[in-house]
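A.B. asks: Have a look at the structure that comes next, please.
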Amino acid sequence: MDDFRDLATFNPGEPVYFQGERRREFYGLCQGRFAKVRLPAAPVDTSLPGQLAKATLIEIIDQPGQIFGEIDALLNKPQEYSVFALDPSGAMPIPAGGKSLRDKLAEVPQVGIKTCISLARNLHQAIERFSRLVQQEGELQRLQLTAARALLAAINEVEQLGGASMPVIAAVLEFARNHKAFELAAQLTAENRLPGISPSIYNAVMRPPETPEKTQRFSTGSILCRKGSIGDKLFILLEGVVEVVLGPNHRVQIARPGSIFGEIAVLLNLEAATPEMRRTADVICATPVSAIVIGLDQATAFFREKPEILTNLLFALTDRMEETLQLENGLMRRLNDLLFQELRHLLEAHHGIALRLNEVRERHLAMERPFNFCAHQSRQIYTVFAATLDTFGLRTNSRKA
């Protein structure tokens, strides 16, 4: 692109940066091609060609104006990937913070627009991952509560049908009641614990302009963004409260002046030949609202004319990305604990009861039903347990109890 200047050139095979490096700059592609790769964590062959031979290709960067390295640079974190030139290539270094970044965006607004689009794309992916994790947490919690109730019911049925006076049945009951799952099941059913409300990720805030333009007023109950519709407007809240409807019983309020919403779909539609990015949630006015409204066809010109707002948007998206990644990491830890610290015990208890009942069910036909019940529960828990590990890449080794 003509707007990208201060070219840094790279020969084929030359690195732009290595994973693990902290860089206070990111890059916009001007010419050529780059490869984003993940190098082996502990390479046997420490030579660069040997590492590259075992590297995992993440992405080919080949679109003029494409931004790369921005997330980790803006968050001042070690780069997650390495980037190498594939051809004789050029990229424009872009400072990642402070006055230098503001000056660059004021000088070349298109850099800011491209960076915001790249951040929006990565943020959209992060929000989708986080949403899947929230959904999985809810499913695991529901499974856990069902398994806890089933365990207590199975123990009660074994006692009623077999009688604790029979030694073989008494041994089954002793195993069940001494297992950690028994106390856990009693606690879970007493609490009747259900999935909680996920924390808000709708908190990107920018300073409202001193002389707001394109301001519109909306009455209580107005729908500003409708789920499933094409994202053709973004909003900067000036007054009032809006609610993001994430589910039947889950709403997130946005009340701070300067909060921006509806921006991700608009940014991702800016460069599309045909706008296709749709809203993922309804946004409704909880009170009378005053907001700056920027249409898709006005966004580029608006940001070019007001680079200070563009800069604020870039930092708001960066903050939101950082918060989303923190929420994602926290939720991954909770899922790991839910699996290995809680659900694992329920799996072991159901499986252990089924094994012990299998040895006596031919002699005690009444035990056939609780055996099948516990065997079914253990298979069901294991299936979900394994699928969660496979889908989300959680640890496969349990912690010490």
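The values are calculated or read from the model by the stated rules, or taken from the named source; none is laboratory data. No experiment lies behind these values; they were computed from the predicted model shown. Glycine gets a Cβ as well: all are built from the backbone with ideal geometry, and neighbour counts include every protein chain shown. In case anyone asks, the SASA skips ligands and DNA or RNA and just uses the protein heavy atoms, side chains included. Shrake-Rupley method; radii C 1.70, N 1.55, O 1.52, S 1.80 Å.
Conditions tested, residue by residue: (1) without any contact (Cβ under 8 Å) to a residue 40 or more places away in the chain; (2) in contact with a Lys or Arg (Cβ under 9 Å, 6 or more places away or on another chain); (3) part of a helix (DSSP H, G or I).
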position: Glu348; (1), (2), (3): no, yes, yes
position: Ile353; (1), (2), (3): no, no, yes
position: Leu357; (1), (2), (3): no, no, yes
position: Glu362; (1), (2), (3): yes, no, no
position: Ala366; (1), (2), (3): no, no, yes
position: Ala375; (1), (2), (3): yes, no, yes
position: Val384; (1), (2), (3): no, no, yes
position: Ala387; (1), (2), (3): yes, no, yes
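A.B. asks: Related question: Are there any pairs, at least 6 apart or on different chains, whose C-beta atoms fall under 6 Å, with the first in region 52-81 and more than 21 Å from Val111 (Cα to Cα) and the second in a loop (DSSP other than H, G, I, E, B) and charged (D, E, K, R), and if so, which?
C.D. replies: Pro78/Arg22
A.B. asks: Out of (1) closer than 30 Å to Asn178 by Cα; (2) of a type outside the set (Phe, Trp, Tyr); (3) touching a Leu at 6+ places or on another chain (Cβ under 7 Å), the odd one out for Asp337 is which?
C.D. replies: Evaluating Asp337 over (1) closer than 30 Å to Asn178 by Cα; (2) of a type outside the set (Phe, Trp, Tyr); (3) touching a Leu at 6+ places or on another chain (Cβ under 7 Å) leaves (3) as the failure.
Residue-by-condition table, conditions (1) of a type in the set (Ser, Thr, Tyr); (2) closer than 30 Å to Ala150 by Cα; (3) over 23 Å from the mean Cα position of the chain (by Cα); (4) at pLDDT 95 or above:
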residue: Gln187; (1), (2), (3), (4): no, yes, yes, no
residue: Ala190; (1), (2), (3), (4): no, yes, yes, no
residue: Ser222; (1), (2), (3), (4): yes, no, yes, yes
residue: Gly228; (1), (2), (3), (4): no, no, no, no
residue: Lys233; (1), (2), (3), (4): no, no, yes, no
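A.B. asks: Residues in region 298-307 that are in a helix (DSSP H, G or I), of a type in the set (D, E, K, R) and in contact (Cβ under 8 Å) with a residue 40 or more places away in the chain: how many?
C.D. replies: 1
A.B. asks: Among the residues of region 1-19 satisfying the criterion of being farther than 17 Å from Glu70 by Cβ and assigned to a loop (DSSP other than H, G, I, E, B), which is modelled with the lowest pLDDT?
C.D. replies: If we take residues in region 1-19 being farther than 17 Å from Glu70 by Cβ and assigned to a loop (DSSP other than H, G, I, E, B), then Asp2 is modelled with the lowest pLDDT.
A.B. asks: What residue, of Leu268, Leu246, is over 21 Å from Gly112 (Cβ atoms) and crowded, with 16+ Cβ neighbours inside 10 Å?
C.D. replies: Leu246
A.B. asks: Still on this model: When you look at Lys36, is it under 23 Å from Leu317 (Cβ atoms) and in a loop (DSSP other than H, G, I, E, B), yes or no?
C.D. replies: no
A.B. asks: Since Glu328 meets every condition but one in (1) over 18 Å from Lys180 (Cα atoms); (2) open to solvent by 10 Å² or more (accessible area, probe 1.4 Å); (3) over 24 Å from the mean Cα position of the chain (by Cα), which condition does it not meet?
C.D. replies: Failing condition for Glu328: (3).
A.B. asks: Okay, moving on. Can you tell me which residues in region 53-65 are in a loop (DSSP other than H, G, I, E, B), at negative phi and either open to solvent by less than 40 Å² (accessible area, probe 1.4 Å) or of a type in the set (A, V, I, L, M) (or both)?
C.D. replies: Correct list: Ala55 only.
A.B. asks: While we're here: If you go through region 372-387 one residue at a time, do you hit one that is of a type in the set (A, V, I, L, M, F, W, C) and touching a Ser or Thr at 6+ places or on another chain (Cβ under 7 Å)?
C.D. replies: No - not one qualifying residue is present in region 372-387.
A.B. asks: Among (1) in contact with a Leu (Cβ under 6 Å, 6 or more places away or on another chain); (2) open to solvent by less than 10 Å² (accessible area, probe 1.4 Å), there is one condition Pro307 misses while meeting the rest; what is its number?
C.D. replies: (2)
A.B. asks: Of everything in region 20-45 that's modelled with pLDDT under 95 and farther than 25 Å from Gly97 by Cα, which residue is least open to solvent (accessible area, probe 1.4 Å)?
C.D. replies: This residue is Leu39.
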